[in-house]
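The values are calculated or read from the model by the stated rules, or taken from the named source; none is laboratory data. Nothing here was measured: the structure is a model prediction, and the numbers come from that model. Virtual Cβ from ideal backbone geometry, glycine too; neighbours counted across all protein chains shown.
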Amino acid sequence: MAELRDIVIQPGYLDFAEGSALVSWGRTRVLCAASVLERVPVFRQELGGGWVTAEYGMLPRAGHSRQERERGGGIRGRSQEIQRLIGRSLRAVVDLGGLGERTVVLDCDVLQADGGTRAAAVTGAYVALAMALAGLRRRGVLEKIPLKDQVAAVSLGRVGGRLLLDLDYEEDSQAEVDANFVATGQGELVEVQLTGEAGAFPAAWLTEFLELALQGIKEVIGRQKEALAPWLPLPW
(Lines give C-alpha, C1' and ligand atoms only; values in the text may rest on other atoms or scores of the structure.)
Protein backbone atom coordinates (compact mmCIF):
# COMPACT_ATOMS: atom_id res chain seq x y z
CA MET A 1 0.00 0.00 0.00
CA ALA A 2 1.23 3.49 -0.89
CA GLU A 3 -0.60 5.29 1.89
CA LEU A 4 0.59 6.97 5.07
CA ARG A 5 -1.19 6.46 8.35
CA ASP A 6 -2.94 9.50 9.83
CA ILE A 7 -0.36 12.16 10.75
CA VAL A 8 -1.10 15.06 13.09
CA ILE A 9 1.64 17.57 13.98
CA GLN A 10 0.92 19.87 16.93
CA PRO A 11 3.53 22.67 17.03
CA GLY A 12 4.11 24.64 20.22
CA TYR A 13 3.01 21.72 22.38
CA LEU A 14 5.28 22.74 25.27
CA ASP A 15 5.11 26.14 26.96
CA PHE A 16 8.74 26.58 27.94
CA ALA A 17 10.83 25.02 25.14
CA GLU A 18 12.06 27.38 22.40
CA GLY A 19 10.36 25.09 19.91
CA SER A 20 8.30 21.93 20.23
CA ALA A 21 5.97 19.57 18.40
CA LEU A 22 3.92 16.51 19.26
CA VAL A 23 3.72 14.13 16.31
CA SER A 24 0.90 11.59 16.25
CA TRP A 25 1.63 9.14 13.44
CA GLY A 26 -0.87 6.31 13.45
CA ARG A 27 -0.64 5.03 17.02
CA THR A 28 2.93 6.31 17.41
CA ARG A 29 3.41 9.45 19.51
CA VAL A 30 6.71 11.37 19.63
CA LEU A 31 7.28 14.62 21.53
CA CYS A 32 10.10 16.80 20.19
CA ALA A 33 11.53 19.82 22.02
CA ALA A 34 14.20 22.28 20.87
CA SER A 35 16.51 23.99 23.35
CA VAL A 36 18.89 26.81 22.36
CA LEU A 37 22.24 26.91 24.17
CA GLU A 38 24.57 29.90 23.87
CA ARG A 39 27.65 27.73 23.41
CA VAL A 40 29.02 25.13 21.04
CA PRO A 41 30.81 21.80 21.65
CA VAL A 42 34.58 21.96 22.03
CA PHE A 43 35.19 20.44 18.59
CA ARG A 44 33.21 23.32 16.97
CA GLN A 45 34.93 26.19 18.78
CA GLU A 46 37.72 26.59 16.22
CA LEU A 47 35.47 26.06 13.22
CA GLY A 48 33.01 28.91 13.72
CA GLY A 49 29.25 28.70 13.41
CA GLY A 50 26.88 26.60 15.46
CA TRP A 51 25.77 23.02 15.95
CA VAL A 52 22.56 21.00 15.91
CA THR A 53 22.30 17.72 17.77
CA ALA A 54 19.63 15.38 19.11
CA GLU A 55 18.80 12.98 21.90
CA TYR A 56 16.24 10.19 21.56
CA GLY A 57 14.61 7.82 24.00
CA MET A 58 11.53 5.73 24.66
CA LEU A 59 9.44 5.96 27.80
CA PRO A 60 9.26 2.70 29.77
CA ARG A 61 5.68 1.97 28.65
CA ALA A 62 5.93 3.29 25.11
CA GLY A 63 5.64 -0.28 23.85
CA HIS A 64 3.55 -3.36 24.57
CA SER A 65 5.61 -4.22 27.66
CA ARG A 66 7.68 -2.17 30.08
CA GLN A 67 11.35 -1.65 29.36
CA GLU A 68 13.95 -0.20 31.70
CA ARG A 69 14.37 3.55 31.59
CA GLU A 70 17.51 4.67 29.75
CA ARG A 71 19.95 6.54 31.99
CA GLY A 72 23.38 8.03 31.33
CA GLY A 73 25.74 5.35 30.07
CA GLY A 74 22.84 2.91 29.85
CA ILE A 75 21.52 4.39 26.60
CA ARG A 76 20.73 1.52 24.24
CA GLY A 77 22.54 1.15 20.94
CA ARG A 78 19.34 1.61 18.95
CA SER A 79 18.64 4.92 20.69
CA GLN A 80 22.18 6.14 19.99
CA GLU A 81 21.81 5.19 16.33
CA ILE A 82 18.50 7.04 16.00
CA GLN A 83 19.63 10.20 17.77
CA ARG A 84 22.64 10.40 15.48
CA LEU A 85 20.32 9.94 12.50
CA ILE A 86 18.13 12.83 13.71
CA GLY A 87 21.13 15.10 14.21
CA ARG A 88 22.57 14.34 10.76
CA SER A 89 19.20 14.85 9.12
CA LEU A 90 18.68 18.29 10.65
CA ARG A 91 22.23 19.50 10.03
CA ALA A 92 21.75 18.69 6.35
CA VAL A 93 19.29 21.60 6.04
CA VAL A 94 20.75 24.10 8.53
CA ASP A 95 23.21 26.87 7.69
CA LEU A 96 25.48 26.29 10.68
CA GLY A 97 27.42 29.47 9.92
CA GLY A 98 24.22 31.50 10.01
CA LEU A 99 23.28 29.95 13.36
CA GLY A 100 26.16 31.68 15.09
CA GLU A 101 28.10 30.19 17.99
CA ARG A 102 25.16 28.43 19.61
CA THR A 103 23.79 24.89 19.80
CA VAL A 104 20.24 23.68 19.27
CA VAL A 105 19.49 20.40 21.05
CA LEU A 106 16.44 18.39 19.93
CA ASP A 107 15.04 16.05 22.59
CA CYS A 108 12.81 13.42 20.99
CA ASP A 109 10.87 11.28 23.44
CA VAL A 110 8.71 8.38 22.26
CA LEU A 111 5.50 8.37 24.29
CA GLN A 112 4.00 5.45 22.36
CA ALA A 113 5.60 3.24 19.74
CA ASP A 114 3.73 1.46 16.95
CA GLY A 115 6.26 1.61 14.14
CA GLY A 116 7.92 4.55 12.39
CA THR A 117 9.33 6.19 15.51
CA ARG A 118 12.49 7.44 13.81
CA ALA A 119 10.48 8.90 10.91
CA ALA A 120 8.18 10.68 13.36
CA ALA A 121 11.18 11.92 15.37
CA VAL A 122 12.98 13.40 12.35
CA THR A 123 9.76 14.99 11.09
CA GLY A 124 8.79 16.48 14.45
CA ALA A 125 12.32 17.56 15.31
CA TYR A 126 12.42 19.67 12.16
CA VAL A 127 9.21 21.47 13.16
CA ALA A 128 10.56 22.12 16.67
CA LEU A 129 13.86 23.35 15.23
CA ALA A 130 12.17 25.72 12.77
CA MET A 131 10.10 27.23 15.58
CA ALA A 132 13.19 27.74 17.76
CA LEU A 133 15.10 29.43 14.94
CA ALA A 134 12.12 31.62 14.08
CA GLY A 135 12.04 32.73 17.71
CA LEU A 136 15.69 33.78 17.53
CA ARG A 137 14.95 35.82 14.44
CA ARG A 138 11.94 37.53 16.02
CA ARG A 139 14.08 38.58 18.97
CA GLY A 140 16.70 40.03 16.63
CA VAL A 141 19.33 37.44 17.59
CA LEU A 142 19.46 36.21 13.98
CA GLU A 143 18.98 38.27 10.82
CA LYS A 144 17.21 35.41 9.08
CA ILE A 145 16.16 31.83 9.75
CA PRO A 146 19.24 29.71 8.90
CA LEU A 147 17.32 26.94 7.15
CA LYS A 148 18.08 25.85 3.59
CA ASP A 149 15.18 23.42 3.17
CA GLN A 150 12.83 21.08 4.98
CA VAL A 151 13.67 17.51 5.93
CA ALA A 152 11.41 14.57 6.75
CA ALA A 153 11.48 10.78 6.84
CA VAL A 154 9.37 7.69 6.20
CA SER A 155 9.67 3.98 6.85
CA LEU A 156 8.70 1.26 4.40
CA GLY A 157 9.25 -2.41 3.81
CA ARG A 158 8.41 -5.51 1.86
CA VAL A 159 5.90 -7.67 3.69
CA GLY A 160 4.47 -10.88 2.25
CA GLY A 161 5.88 -9.98 -1.16
CA ARG A 162 4.23 -6.52 -1.16
CA LEU A 163 5.98 -3.18 -0.84
CA LEU A 164 4.30 -1.15 1.90
CA LEU A 165 4.75 2.47 2.97
CA ASP A 166 4.77 3.50 6.63
CA LEU A 167 4.81 0.19 8.48
CA ASP A 168 3.19 -0.25 11.87
CA TYR A 169 4.80 -2.50 14.48
CA GLU A 170 3.06 -5.70 13.36
CA GLU A 171 3.96 -5.15 9.69
CA ASP A 172 7.53 -4.18 10.56
CA SER A 173 8.02 -7.36 12.61
CA GLN A 174 7.13 -9.42 9.52
CA ALA A 175 9.09 -7.43 6.94
CA GLU A 176 11.44 -9.30 4.63
CA VAL A 177 13.14 -5.99 3.77
CA ASP A 178 13.02 -3.01 6.11
CA ALA A 179 13.89 0.56 5.09
CA ASN A 180 14.06 4.14 6.34
CA PHE A 181 14.54 7.11 4.02
CA VAL A 182 15.31 10.74 4.92
CA ALA A 183 15.02 13.42 2.24
CA THR A 184 14.68 17.17 1.84
CA GLY A 185 11.78 19.14 0.44
CA GLN A 186 13.68 19.34 -2.85
CA GLY A 187 13.79 15.55 -3.01
CA GLU A 188 17.49 15.21 -2.21
CA LEU A 189 18.44 12.21 -0.12
CA VAL A 190 20.01 12.63 3.31
CA GLU A 191 20.02 9.05 4.54
CA VAL A 192 19.00 5.63 3.22
CA GLN A 193 18.80 2.57 5.46
CA LEU A 194 17.84 -0.68 3.72
CA THR A 195 18.13 -4.07 5.39
CA GLY A 196 17.36 -7.55 4.15
CA GLU A 197 15.78 -9.04 7.28
CA ALA A 198 15.07 -12.39 5.62
CA GLY A 199 18.25 -12.53 3.52
CA ALA A 200 19.57 -10.95 0.33
CA PHE A 201 17.25 -9.15 -2.07
CA PRO A 202 17.49 -8.00 -5.72
CA ALA A 203 19.23 -4.68 -6.35
CA ALA A 204 16.35 -3.73 -8.67
CA TRP A 205 14.13 -3.33 -5.62
CA LEU A 206 16.08 -0.20 -4.67
CA THR A 207 14.30 1.81 -7.37
CA GLU A 208 10.87 0.70 -6.14
CA PHE A 209 11.75 1.61 -2.55
CA LEU A 210 13.13 5.00 -3.57
CA GLU A 211 10.10 5.99 -5.64
CA LEU A 212 7.64 5.08 -2.90
CA ALA A 213 9.75 6.70 -0.18
CA LEU A 214 10.01 10.02 -2.03
CA GLN A 215 6.27 9.95 -2.69
CA GLY A 216 5.62 9.51 1.04
CA ILE A 217 8.16 12.14 2.10
CA LYS A 218 6.60 14.68 -0.25
CA GLU A 219 3.32 14.23 1.59
CA VAL A 220 4.99 14.51 5.01
CA ILE A 221 6.74 17.70 3.91
CA GLY A 222 3.30 19.10 3.10
CA ARG A 223 2.10 18.26 6.62
CA GLN A 224 5.09 20.12 8.06
CA LYS A 225 4.26 23.19 6.00
CA GLU A 226 0.66 23.14 7.17
CA ALA A 227 1.74 22.82 10.81
CA LEU A 228 4.24 25.67 10.59
CA ALA A 229 2.14 28.06 8.48
CA PRO A 230 0.48 29.82 11.46
CA TRP A 231 3.82 30.18 13.23
CA LEU A 232 6.33 31.36 10.64
CA PRO A 233 6.90 31.91 6.94
CA LEU A 234 9.34 29.37 5.56
CA PRO A 235 12.21 31.12 3.74
CA TRP A 236 11.68 29.42 0.35
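Annotations for the structure displayed:
- Exactly one residue out of R118, R158, R78 is basic (K, R) and assigned to a strand (DSSP E or B), and it is R158.
- Counting only residues that are within 20 Å of R88 (Cβ to Cβ) and in contact with a helix residue (DSSP H, G or I) (Cβ under 9 Å, 6 or more places away or on another chain), segment 17-39 holds 9 of them.
- Lone qualifier among D178, D172 - being over 18 Å from A92 (Cβ atoms) and assigned to a helix (DSSP H, G or I): D172
- Selected residue (criterion: surrounded by the most Cβ atoms within 10 Å (Cβ to Cβ)) from residues of segment 114-144 that are over 18 Å from the mean Cα position of the chain (by Cα) and under 21 Å from V23 (Cβ atoms): A134
- Counted residues, segment 72-95 - those being surrounded by fewer than 18 Cβ atoms within 10 Å (Cβ to Cβ) and of a type in the set (A, V, I, L, M): 1
- Selected residue (criterion: nearest to L214 (Cα to Cα)) from residues of segment 175-197 that are small (G, A, S) and surrounded by 18 or more Cβ atoms within 10 Å (Cβ to Cβ): A183
- Leading residue by the ranking (modelled with the lowest pLDDT) among those in segment 206-232 that are assigned to a loop (DSSP other than H, G, I, E, B) and surrounded by 14 or more Cβ atoms within 10 Å (Cβ to Cβ): L232
- Of the criteria (1) at negative phi; (2) under 15 Å from the mean Cα position of the chain (by Cα), which one D166 fails: (1)
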